[in-house]
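Since the structure comes first, as structure tokens, the remarks are kept for the end.
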Amino acid sequence: MATRQISSPAIPRPGSRRLHASPAAALRRNSIPTTIRSFSRWSLCMNGSKAAGSGRDCRIPVDIRQTRTFRAVRTPAEALEQLRAVVLELSSNPPSSPSGVIRLEVPIQQQVDAVSWLHSQPVVPCFYFSGRSSRDKINAFDVYNGVNGEYKNVGEKSIISVAGVGSAVYFQQPTPFSLEDWWCIRRFLYKECPLVRAYGAMRFDPSTNVSFEWQSFGSFYFIIPQQVEINELKGSSILATTIAWDESLLWSWEKAMGSIQATLSQISSSISEFGKEEPAVVLGVNHMPDKASWEVAVRNALKAINSTGFNSKLHKVVLARSSRVHTNASIDPLHLLASLQKEGRHFYQFCIRPPQSPAFIGNTPEQLFHRLHLSVSSEAVAGTRPRGKFLEEDIQIEHDFLLSPKDHLEFEIVRETIRRKLEMICDQVIVEPEKMILKLPRVQHLCARILGKLRSEEDEFDVLSHLHPTPAVCGFPTDEARQFIEETEIFDRGMYAGPVGWFGGRETEFAVGIRSGLVDKGLGALIYAGAGIVKGTVPSMEWEELELKASQLLKFLGVNTLTTSYQKMDIGIRRA
């Protein structure tokens with residue numbers, strides 16, 4: 001049984017360059033801050049506990065960071081048996097270091113569907129994340145040498161999807177995600193193993209009151225990494241477990257091993273396929289706000305946007321709606337997620353479920369940012385038009401869309417805002433192409449890609465804090481739009497429209513949590529959708545836009561929202 005161990009590289013010290021947030025904005029809003037990089041020793045946290053007064057620097061990595069990869073096996077059952085044996089052996093040979101993270105990997109010579117695997121497991125918390133399938137994928141066994149028993153690092157882009165249960169380390173706080181929180185996460189990540197990641201999400205606005213259905217998530221929720229996870233690759237898979245411990249944070253090796261062994265004892269070696277289940281009967285749908293209240297809110301937004309007064313600064317605001325679907329039976333969030341995979345290849349798909357919590361699931365087309373080493377990219381996506389029923393109609397809609405002044409205005413706000421924000425933290429920024437059409441199964445959007453080169457990989461936190469929230473889900477200017485949203489919306493967005501994705505040692509990727517909802521037993525489903533309001537918006541048409549966007553999730557719940565008037569409309573509508 002061959003193993004490969006990786007030494008622990010030192011994390012470089014933070015750079016001297018400082019980025020200052022507006023003092024007025026910091027006082028007005030308690031959001032993800034553009035944090036000044038000078039901070040003293042901080043109370044580290046792990047699995048909900050803090051080491052107050054420990055005197056340790058949150059920038060110092062854990063002592064041991066290793067990946068041990070074993071010989072490939074044929075089936076998930078064999079991989080699980082091997083993991084259990086290795087963990088049992090390790091439990092009697094504890095390391096001498098007081099902190100560390102050790103990942104154990106068993107390659108599997110078959111492609112295991114990650115959603116089906118997760119659906120077969122009874123353990124929570126759980127997480128699922130799938131990038132766009134159009135990204136490059138490789139077969140894991142292209143980089144496996146069966147003769148020498150060596151398994152080279154699988155690149156991040158080889159991963160089709162990841163599903164995991166349990167948490168080796170989790171971070172959850174009621175306060176906004178900060179630079180210190182980012183450094184606490186980075187302690188457990190290392191470049192030499194790209195598959196050790198921190199998966200999670202953040203609230204759209206951490207300063208607002210948290211409703212009961214979002215309480216388990218906190219202001220942010222990340223797990224680093226799962227106790228047991230399946231990595232789905234093209235033609236193969238990896239079953240892995242991760243041991244993480246830190247005695248200074250009251251999470252010893254013994255506690256970590258005991259927790260992992262308890263989780264492994266519950267893992268099912270058989271994988272059940274999704275069968276044809278009888279759909280739950282929809283008893284009713286309640287919108288918050290209802291259509292009349294929505295149109296009032298849109299008119300108020302237009303009044304603020306069109307105001308010529310001295311204090312008029314609002315150019316765009318994105319308003320959202322929450323739709324509660326009542327059913328006669330519980331809705332399986334993973335079955336719903338599996339159904340969403342039929343929507344196409346241009347979506348990020350995710351499911352986050354803390355203990356005793358609803359599942360936050362989504363099928364979002366929008367990337368917030370992607371970082372690989374110093375290279376960073378983001379996307380400007382704005383404007384919405386329906387797809388045509390026939391090719392000729394689709395081409396005509398696309399032509400009108402590209403020439404629409406109103407849609408171009410909204411798109412330009414998003415593109416130029418992202419470009420300017422990246423210019424604050426990048427040496428060079430390129431927009432390519434200037435404007436194109438992103439075609440999805442139900443809708444099409446205006447789109448452009450913005451590329452930049454960071455000065456330091458430590459600027460990753462600045463990318464997140466600068467880009468969220470984008471004008472596509474909040475508005476412009478950000479502070480004014482967010483204040484209008486807080487004063488207008490009568491429900492808690494939670495993590496809808498917030499960042500969702502993962503941090504890695506050398507690569508990080510976040511999507512925008514739109515086209516999403518909460519699903520749970522007894523809760524039914526809460527489906528969220530939004531629309532951008534700009535000068536020239538028609539209030540009634542924005543309601544139809546909400547219906548189209550929500551239909552991506554609602555159609556799998558048996559709710560038909562599309563209306564004839566929307567399908568025949570010939571004016572531009574805005575996206576969220």
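Since every read-out is calculated from the coordinates, none of them should be taken as a lab result. No experiment lies behind these values; they were computed from the predicted model shown. Counting neighbours? That spans all protein chains shown, and the Cβs are built from the backbone with ideal geometry, glycine included.
For residue 219, the amide hydrogen comes within under 5 Å of the amide hydrogens of 173, 175, counting only partners 5 or more places away or on other chains and with H modelled in the peptide plane.
Largest first and in whole Å, the equivalent-ellipsoid semi-axes of the stretch 214-276 read 26, 18, 13, each the square root of five times a Cα gyration tensor eigenvalue.
With a ≥ b ≥ c the root eigenvalues of the C-alpha gyration tensor of the stretch 294-451, is it rounded (a/c under 1.5), prolate (a/b larger than b/c) or oblate? Judged from the Cα gyration tensor, the stretch 294-451 comes out rounded (a/c under 1.5).
Shape of the stretch 161-210 from the C-alpha gyration tensor: prolate (a/c of 1.5 or more and a/b above b/c, with a ≥ b ≥ c the square roots of its eigenvalues). Reducing the stretch 92-115 and the stretch 185-226 to their Cα centroids gives an inter-centroid distance of 21 Å. The stretch 62-128 has equivalent-ellipsoid semi-axes of 25, 16, 12 Å, by the square roots of 5 times the alpha carbon gyration tensor eigenvalues, sorted largest first. For the stretch 387-424 versus the stretch 231-281, the inter-centroid distance based on Cα atoms is 42 Å.
The Cα atoms of the stretch 455-567 give a gyration tensor whose axes a ≥ b ≥ c have a/c of 1.5 or more with a/b no greater than b/c, which makes the shape oblate. For the pair residue 420 and residue 535 in one chain, pulling the backbone fully straight at 0.36 nm per residue adds 39.2 nm over the alpha carbon distance. Peptides 348-356, 400-408 ranked from most to least packed by the mean count of surrounding Cβ atoms within 10 Å: 348-356, 400-408. A simple rule links phi to the HN-Hα coupling: the Karplus curve 6.51 cos²θ - 1.76 cosθ + 1.60 with θ = phi - 60°, which for the stretch 214-221 gives 9, 4, 5, 8, x, 6, 8, 9 Hz, with x for Gly and Pro.
Once backbone amide H atoms are built at 1.01 Å from N, residue 473 has no partners under 5 Å, excluding neighbours fewer than 5 places away on the same chain.
Around the amide H of residue 315, modelled in the peptide plane, lie the amide H atoms of 476, all under 5 Å away and 5 or more residues distant in sequence or on another chain.
Peptides 543-556, 104-117 ranked from most to least packed give 543-556, 104-117, packing being the mean of other C-beta atoms within 10 angstrom over each peptide's residues.
Peptide packing for 520-531, 418-429 was compared via the average number of neighbouring C-beta atoms within 10 Å per residue; ordered from the highest value, the list is 520-531, 418-429.
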